[in-house]
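Peer 1: Structure below; questions to follow.
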Amino acid sequence: MKVRYIRLLFVFAIVSTLPSLVAAQGCVAVRPMGCGGSNPTGNSFLMNKGDVQAGILYRYFESYKHFRGDSEEEERVENGTEVINDAHSLDISLTYALSHRLSLTANLPLIYYDRSSLYEHYGNSLTANPEQKRFHTGAQGIGDMRFSASYWMLNPEKHMKTNFALGLGVKLPTGNENVQDEFHKRKASDGTDTVIIKAVDQSIQLGDGGVGISIDLQAYTVLSNRFSLYLNGFYMSNPRETNNTVNRILTASSTISDSITQFHSVADQFAFRFGANFVVLPKQGLVFGLGVRAEGVPAKDLVGGSWGFRRPGYIISAEPGLSYQAGNLSLNLSVPVALYRNRVKSVSDLADPAGLRHGDAAFADYLVNFGATYRFAKHHQMMEPKPVFKDAN
């Protein structure tokens, strides 16, 4: 019986990597990006050579709370001048096991963004926008495609209680980084409405225009027949400095800070999560998880320049979740809830000689992840534990 519990717990230690670690959390433009090696949406550890696994991961959030540093600007919501980003994405993944240790994965995100604001159109002030009209812009389509490989460093047939995998991937600029939409402007002379076409805000662009290189780590350890710990880490480096999307038109009076942000930055991004899983109903395959996760965009890239417009920052969340496994089907739901949000200073902010410049960003209160994976296995059974477990029978 104990072996059965350990085996089930072992499955969900891996399935805990199902929720994507990174999804855009608001105006901090973190692109939808899986974490946890080449198989961010499933239990690749249990795959045998030749197995294929298909997965989908739906994500949703609404960002509207503005932060400058870690201080919330509550008056934005109170005055109705907040920016609201609604984001829906569906990440489709396909994994092929070259062996029981090495797997390859392709991910393609499908994205729907809607953004509403006052300041991008008529303006926030009562003088410029007496009726406080709010207008929408949006972007829909495919995001940046990713290919990755993941390798379990310890032989899973011999190390079923503890293991870790390293992954390496490449992100391709398949998502449009220069989505255009209509922006409404109000003539000061007579108050009539005019429409101009320009690039939507960076936070709702479908891609970033760069080729990225990602490295990641996923690990777990089984502590008892019902309890395990997991850890995931991810970093994506974007060597390209800026893309061709115009953020602002320079004038004769433009400052150094303005010249830095003339084009959109192709920024790095990162994520980290750790926590514990508890088998609630062994027979029904139900597991409860609780962890902490951090994700964001650094102010400066590891490789390449850091000029261009970006809103760097990070969010730390508590991440409760439920997982369910029935044969080759895995389901997972997690709802990370924000504990701490910080919009740090950008390169443009730091260029202010007076040290007063500090842009803001809107963050979400929570993020919803719901995913499903199905394994098309050549051998329809899980790996059997090695004799190291036979004393538990």
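Peer 1: Pairs needed: first member in the stretch 345-358, more than 16 Å from Ser306 (Cβ to Cβ); second member anywhere, acidic (Asp, Glu) and in a loop (DSSP other than H, G, I, E, B); C-beta distance under 9 Å; at least 6 residues apart or different chains.
Peer 2: Pairs that qualify, where the first residue is more than 16 Å from Ser306 (Cβ to Cβ) and the partner is acidic (Asp, Glu) and in a loop (DSSP other than H, G, I, E, B), are His358/Asp352.
Peer 1: Still on this structure, I have one more. I need a count of the residues in the stretch 238-285 that are surrounded by 18 or more Cβ atoms within 10 Å (Cβ to Cβ), part of a strand (DSSP E or B) and within 26 Å of the chain's Cα centre (by Cα). Spell out the reasoning first.
Peer 2: So in the stretch 238-285, the residues surrounded by 18 or more Cβ atoms within 10 Å (Cβ to Cβ) come out as 238, 240, 242-243, 245, 247, 260-261, 263-273, 275, 277, 279, 285.
Restricting the remaining residues to those that are part of a strand (DSSP E or B) gives 242-243, 245, 263-265, 269-273, 275, 277, 279.
In the following step, the residues that additionally are within 26 Å of the chain's Cα centre (by Cα) were identified as 242-243, 245, 263-265, 269-273, 275, 277.
Of the residues in that region, 13 qualify.
Peer 1: So, one more: When you go through (1) surrounded by 15 or more Cβ atoms within 10 Å (Cβ to Cβ); (2) over 28 Å from the mean Cα position of the chain (by Cα); (3) among the hydroxyl-bearing types (Ser, Thr, Tyr) one by one for Ser148, which number turns out not to apply?
Peer 2: (2)
Peer 1: Identify the residue in the stretch 212-232 that is surrounded by fewer than 18 Cβ atoms within 10 Å (Cβ to Cβ) and under 17 Å from the mean Cα position of the chain (by Cα) and, among all such residues, is nearest to Val179 (Cα to Cα).
Peer 2: First, pick out the residues of the stretch 212-232 that are surrounded by fewer than 18 Cβ atoms within 10 Å (Cβ to Cβ): 213, 215, 221, 223-224, 226-227, 229.
With under 17 Å from the mean Cα position of the chain (by Cα) added as a condition, the list becomes 213, 215.
Numbers: Ile213: 23, Ile215: 28 Å.
Going through the qualifying residues, I end up with Ile213.
Peer 1: Of all residues being touching a residue at least 60 places away in the same chain (Cβ under 8 Å) and either more than 29 Å from Pro239 (Cβ to Cβ) or in contact with an Asp or Glu (Cβ under 6 Å, 6 or more places away or on another chain) (or both) in the stretch 189-211, which is surrounded by the fewest Cβ atoms within 10 Å (Cβ to Cβ)? Just the residue, please.
Peer 2: Step by step, filter the stretch 189-211, then rank; the result is Val200.
Peer 1: Any idea which residue in the stretch 179-211 is farthest from Asn244 (Cα to Cα), counting only those that are more than 20 Å from the chain's Cα centre (by Cα) and of a type in the set (S, T, N, Q)?
Peer 2: Ser189
Peer 1: Name, by its number, the condition in (1) touching a residue at least 60 places away in the same chain (Cβ under 8 Å); (2) not acidic (Asp, Glu); (3) not in a loop (DSSP other than H, G, I, E, B) that does not hold for Ala219.
Peer 2: (1)
Peer 1: Same structure again: State yes or no: is Ser334 among the hydroxyl-bearing types (Ser, Thr, Tyr), modelled with pLDDT of 95 or more, crowded, with 24+ Cβ neighbours inside 10 Å and farther than 20 Å from Leu290 by Cβ? Give the steps one after another, and end with the answer.
Peer 2: On the way: among the hydroxyl-bearing types (Ser, Thr, Tyr): yes; modelled with pLDDT of 95 or more: yes; crowded, with 24+ Cβ neighbours inside 10 Å: yes; farther than 20 Å from Leu290 by Cβ: no.
Judged against the criteria, Ser334 is not a match.
Peer 1: Residue by residue through the stretch 142-179, note down the ones that are outside any strand (DSSP E or B) and closer than 18 Å to Val266 by Cβ. I'd like the intermediate steps shown before the answer.
Peer 2: First pass over the stretch 142-179, keeping only residues outside any strand (DSSP E or B): 143-145, 153-161, 172-179.
Within the stretch 142-179, Gly143, Asp144, Met145, Leu172, Pro173, Thr174, Gly175, Asn176, Glu177, Asn178, Val179 meet the criteria.
Peer 1: For the stretch 77-88, name all the residues that are surrounded by fewer than 22 Cβ atoms within 10 Å (Cβ to Cβ), in contact (Cβ under 8 Å) with a residue 24 or more places away in the chain and in contact with a Phe, Trp or Tyr (Cβ under 8 Å, 6 or more places away or on another chain).
Peer 2: Thr81, Ile84, Asp86, His88
Peer 1: Gly141 fails exactly one of the following numbered conditions: (1) farther than 24 Å from Glu82 by Cβ; (2) touching a Leu at 6+ places or on another chain (Cβ under 7 Å); (3) surrounded by 16 or more Cβ atoms within 10 Å (Cβ to Cβ). What is the number of that condition?
Peer 2: Evaluating Gly141 over (1) farther than 24 Å from Glu82 by Cβ; (2) touching a Leu at 6+ places or on another chain (Cβ under 7 Å); (3) surrounded by 16 or more Cβ atoms within 10 Å (Cβ to Cβ) leaves (3) as the failure.
The values are calculated or read from the model by the stated rules, or taken from the named source; none is laboratory data. Given the structure is predicted, the values throughout are model-derived calculations rather than measurements. Heads up, the Cβs are rebuilt from the backbone with ideal geometry, glycines too, and the neighbour counts pull from every protein chain shown.
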